[in-house]
Amino acid sequence: MSRARSPLFWSGATLVGTLALIAMLAPVLSPYDPRAVSGPSLVPPSGAHLLGTNDAGQDILSQLIWGARSSALVAVLAAGLAVAIGVFVGVGAGLARGWVDAVAMRVVDVFLAVPALPLLILVAALLGPSGPIAIAVIIGLAGWPAIARIVRSQALGVARRGYVDAARGFGAGRLYLVGRHLVPALGPLIAANFVYWAGTAVALQAGLAFLGLSDPTEVSWGSVLNRALSHPGVYFTSEWTWWVLPAGLAITLAVVGLAFLALALEPGSNPRLRRS
Amino acid sequence: MASYVVVVFFLITLNFFLPRALPGAPISALDDPRSETYVGDESSRIAVENYYGLDRQLGDQYTTYLEDLVQGDLGTSIRFNAPVTEVLGDRLPWTLLLVGTALALATGVGMVAGVHSGWRRGRRADKGLLALFLAIDNFPVFFLASIAVFVFAVKLGVFPLSGARTPFSESSGVLAEIADVAYHLALPATVLALQFAAFQYLVMRASMVGELESDYLVLGRAKGLGDRALKYRYAARNALLPSLTVAGLQVGVAVTAAIFVETAFAYPGVGRLMFESVADRDYPVMQGCFLLLSVAVVTANFVVELAYRRLDPRTSP
């Protein structure tokens, strides 16, 4: 696979791998408790606080390190949920054909037409201050229709192949067909969509937090950004460079890394250049 | 057509049921002793519920909601104490100005870059442009906006920090006012334009690559047509059709990006209004913004689909 060795793959995998490692080792890596007051407020970067402290005297570097964990949690949970529902509906509709397929695809079309961000804002605002798990669930519920549509069209193609017919001829049941043939054949597509939605989930989580829609006590990249940008005068001191910039860069590296990885994993010689 | 009506009806229904179905919603909060908006006094709670029609059957409430909607009544803003439609009407021109300017700036750039990149697929220019636009496309737009404010408004001081016009300025003629609006528009429109250009570029490039193997290009080359003619007069024209779909999808991109960019620049459009309504817990305005933005996206896609059918006879049933 030459595609797997492409610069797109390596740059994406390196970024995502590094951030995943930081998320896993957060308790070891972070110098302070991200919620504890560990110094005076708004100290510029120094030996004691590599990225300084925020207005409450909390260590910014520790918040970013723990923020990686929050993003990783939302990414995996939201993408997992979107892929699980999407594959279930897509494969189910593709196998069932007939009216089940028709009804499922009408429902998918209607959900696909609703723009995600305004809906997520409305739902998050109505839910009240939401932690990462609630945010991940609503992002996951917004993501499944796109996956269902792609998976269904691929499943229709796979289901028509000779070896599937042969298995059916030998008396294979539906569940066996799905587990033994359909899901493995759709594997690369499912993997690419999982990574793509993980990236979208990280961006949406940060975006919702930027708009003030996450639990303010939650430690995440977006909430660091939200707190920094709502601090009066953040632009007029050096604060921007060590409070806003690192948080923004963390979000950007994660989102760009996951997007590059998703593109590199996308099956097919002429990669659909995104957004379905 | 039928599917368009179904989707719009779905949005309208969603807008009615979401506040009534979700926990922590403004309406159920009235009854919940733990919530901050709990109305303790039995008789005043009943009065409030009666005022909002909450004591009636859900079906009744729904038909009233639909009747009001048809008459253009989206409720009353809690913060502005004015009809939601009026509040939206005040903000919409700013969003249209911002998005329209950004689209005008971006479309040419994105298309030309896409045609060029697709034509020279795999060469250095293509790889460079592709990496650049892929990065821009995935760059969180609220962070890009913050960088733009810091570099161009604060450090270099060439553009204003926020807003759409200079507050309390003595009007010194129409020209000065137009200049003031343009001066405030420049930075947010550029940030938005970068997003649009990246999206346009990616679709145009993919569509151009799809044309490369076509027979008509082989024939054109065989009869001695020049590279420029083949590139622009033949391949680019055929590659243009798929990018028409982009025009519809761009409205979806515009809605998302406008919410973030307007919020970051405190630009008084509908996106910023939605952010403010969340901060103020002004639920009627929030719902109005949701309805306006989502119906706009759905309508844009519907219009593009109609245009597509006229332009490409193969897609007609």
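Of the residues A:LEU73, A:LEU42, A:LEU8, A:LEU61, which is within 15 Å of the chain's Cα centre (by Cα) and not acidic (Asp, Glu)? The match here is A:LEU73. The residue list B:SER172, B:SER162 contains one member that is more than 22 Å from B:PHE260 (Cα to Cα), hydroxyl-bearing (Ser, Thr, Tyr), in the same structural domain as B:MET208 (by TED's automatic domain parsing) and surrounded by fewer than 19 Cβ atoms within 10 Å (Cβ to Cβ), which is B:SER172.
Count of the range A:209-224 residues, restricted to those that are surrounded by fewer than 24 Cβ atoms within 10 Å (Cβ to Cβ), of a type in the set (Gly, Ala, Ser) and in contact (Cβ under 8 Å) with a residue 40 or more places away in the chain, is 0.
Counting only residues that are within 10 Å of chain B (Cβ to nearest Cβ) and in a helix (DSSP H, G or I), how many does the range A:124-133 have?
Selection size over the range A:124-133: 4.
Applying the set (1) assigned to a helix (DSSP H, G or I); (2) within 11 Å of another protein chain (Cβ to nearest Cβ) to A:LEU213 leaves exactly one unmet item: (1). The test for being modelled with pLDDT under 90 and within 14 Å of chain A (Cβ to nearest Cβ) does not hold for B:GLY226.
Residues are listed down the side, and each one gets a yes or a no for (1) of a type in the set (S, T, N, Q); (2) modelled with pLDDT of 80 or more:
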site	(1), (2)
B:SER3	yes, yes
B:VAL7	no, yes
B:ASN15	yes, yes
B:PRO33	no, no
B:GLU42	no, no
B:GLU67	no, yes
B:LEU96	no, yes
B:MET111	no, yes
B:TRP119	no, yes
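Criterion first (closer than 23 Å to A:GLY207 by Cα and more than 13 Å from every other protein chain (Cβ to nearest Cβ)) does B:VAL174 satisfy it? No. Taking the listed residues A:VAL83, A:VAL100, A:VAL74, the one that is touching a residue at least 40 places away in the same chain (Cβ under 8 Å), more than 14 Å from chain B (Cβ to nearest Cβ) and within 16 Å of A:VAL151 (Cα to Cα) is A:VAL83, with no other qualifying. For the range B:233-247, filtering for residues that are more than 11 Å from chain A (Cβ to nearest Cβ) and touching a Phe, Trp or Tyr at 6+ places or on another chain (Cβ under 9 Å) leaves 6.
For every residue, the table says whether it meets (1) buried (at least 21 other Cβ atoms within 10 Å of the Cβ); (2) over 30 Å from A:VAL219 (Cα atoms).
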{"position": "A:TRP99", "(1), (2)": "no, yes"}
{"position": "A:ARG106", "(1), (2)": "no, yes"}
{"position": "A:ASP109", "(1), (2)": "no, yes"}
{"position": "A:PRO118", "(1), (2)": "yes, no"}
{"position": "A:LEU122", "(1), (2)": "yes, no"}
{"position": "A:ALA142", "(1), (2)": "yes, no"}
{"position": "A:ALA167", "(1), (2)": "no, yes"}
{"position": "A:GLY171", "(1), (2)": "no, yes"}
{"position": "A:LEU182", "(1), (2)": "yes, yes"}
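The residue list A:ALA96, A:ALA13, A:ALA48, A:ALA56 contains one member that is within 24 Å of A:ALA201 (Cα to Cα) and among the small types (Gly, Ala, Ser), which is A:ALA13. Put simply, of B:GLN61, B:GLN57 the only residue that is outside the structural domain of B:PHE290 (by TED's automatic domain parsing), farther than 29 Å from B:LEU293 by Cβ and either among the polar types (S, T, N, Q) or surrounded by 18 or more Cβ atoms within 10 Å (Cβ to Cβ) (or both) is B:GLN57. In the range A:188-208, is there at least one residue being more than 19 Å from A:ILE60 (Cβ to Cβ), of a type in the set (Gly, Ala, Ser) and away from chain B (no Cβ under 14 Å)? Looking for residues that are more than 19 Å from A:ILE60 (Cβ to Cβ), of a type in the set (Gly, Ala, Ser) and away from chain B (no Cβ under 14 Å), one finds at least one in the range A:188-208, hence yes.
Residues in the range A:107-123 that are within 8 Å of chain B (Cβ to nearest Cβ) and of a type outside the set (Asp, Glu): A:VAL110, A:ALA113, A:VAL114, A:PRO115, A:ALA116, A:LEU117, A:PRO118, A:LEU119, A:ILE121, A:LEU122, A:VAL123.
Condition check ((1) at pLDDT 95 or above; (2) touching a Ser or Thr at 6+ places or on another chain (Cβ under 8 Å); (3) surrounded by fewer than 18 Cβ atoms within 10 Å (Cβ to Cβ)) across all residues:
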residue: A:LEU8; (1), (2), (3): no, no, no
residue: A:ALA26; (1), (2), (3): no, no, no
residue: A:GLY39; (1), (2), (3): no, yes, yes
residue: A:SER46; (1), (2), (3): no, no, yes
residue: A:ASP55; (1), (2), (3): no, yes, yes
residue: A:ALA75; (1), (2), (3): yes, no, no
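Comparison of A:ALA142, A:ALA136 shows that the only residue that is away from every other protein chain (no Cβ under 14 Å), within 24 Å of B:MET274 (Cβ to Cβ) and in a helix (DSSP H, G or I) is A:ALA136.
So, A:ALA48, is that one assigned to a loop (DSSP other than H, G, I, E, B), closer than 18 Å to A:LEU225 by Cα and free of Cβ contacts under 8 Å to residues at least 40 places away in the same chain or not? Show your work before the answer.
Details: assigned to a loop (DSSP other than H, G, I, E, B): yes; closer than 18 Å to A:LEU225 by Cα: no; free of Cβ contacts under 8 Å to residues at least 40 places away in the same chain: yes.
In short, no.
A residue that is part of a helix (DSSP H, G or I), at pLDDT below 90 and within 30 Å of A:ALA72 (Cβ to Cβ) cannot be found anywhere in the range A:156-177. Among the conditions (1) more than 25 Å from B:ILE136 (Cα to Cα); (2) at pLDDT 85 or above, the only one that B:THR256 does not satisfy is (1). Among the residues of the range B:127-138, those that are free of Cβ contacts under 8 Å to residues at least 40 places away in the same chain and either within 16 Å of B:GLY110 (Cβ to Cβ) or touching a strand residue (DSSP E or B) at 6+ places or on another chain (Cβ under 9 Å) (or both) comprise B:GLY128, B:ALA131, B:LEU132, B:ALA135, B:ASN138. Among the conditions (1) surrounded by fewer than 24 Cβ atoms within 10 Å (Cβ to Cβ); (2) within 11 Å of chain A (Cβ to nearest Cβ); (3) touching a residue at least 24 places away in the same chain (Cβ under 8 Å), the only one that B:VAL278 does not satisfy is (3). Being under 30 Å from B:ASP137 (Cα atoms) and not basic (Lys, Arg) is a property that B:LEU97 has. Taking the conditions (1) within 20 Å of B:ALA257 (Cα to Cα); (2) modelled with pLDDT of 85 or more in turn, B:ILE178 satisfies each one other than (1).
For B:TYR267, are the conditions met, namely being away from every other protein chain (no Cβ under 12 Å), under 20 Å from the mean Cα position of the chain (by Cα) and of a type in the set (Phe, Trp, Tyr)? When the stated conditions are applied, B:TYR267 passes them. Being more than 22 Å from the chain's Cα centre (by Cα) and within 19 Å of A:LEU245 (Cα to Cα) is true for just one of A:ALA68, A:ALA56. Which residue is that? Step by step, each of A:ALA68, A:ALA56 is checked, and only A:ALA56 is more than 22 Å from the chain's Cα centre (by Cα) and within 19 Å of A:LEU245 (Cα to Cα). Taking B:VAL149, is it closer than 30 Å to B:VAL115 by Cα, of a type outside the set (Gly, Ala, Ser) and either surrounded by 15 or more Cβ atoms within 10 Å (Cβ to Cβ) or facing chain A (nearest Cβ under 10 Å) (or both)? No.
The values are calculated or read from the model by the stated rules, or taken from the named source; none is laboratory data. This one's a predicted model, so the numbers in the text were calculated from it and none came from an experiment. We place every Cβ from the backbone using ideal geometry, glycine too, and count neighbours over all the protein chains shown.
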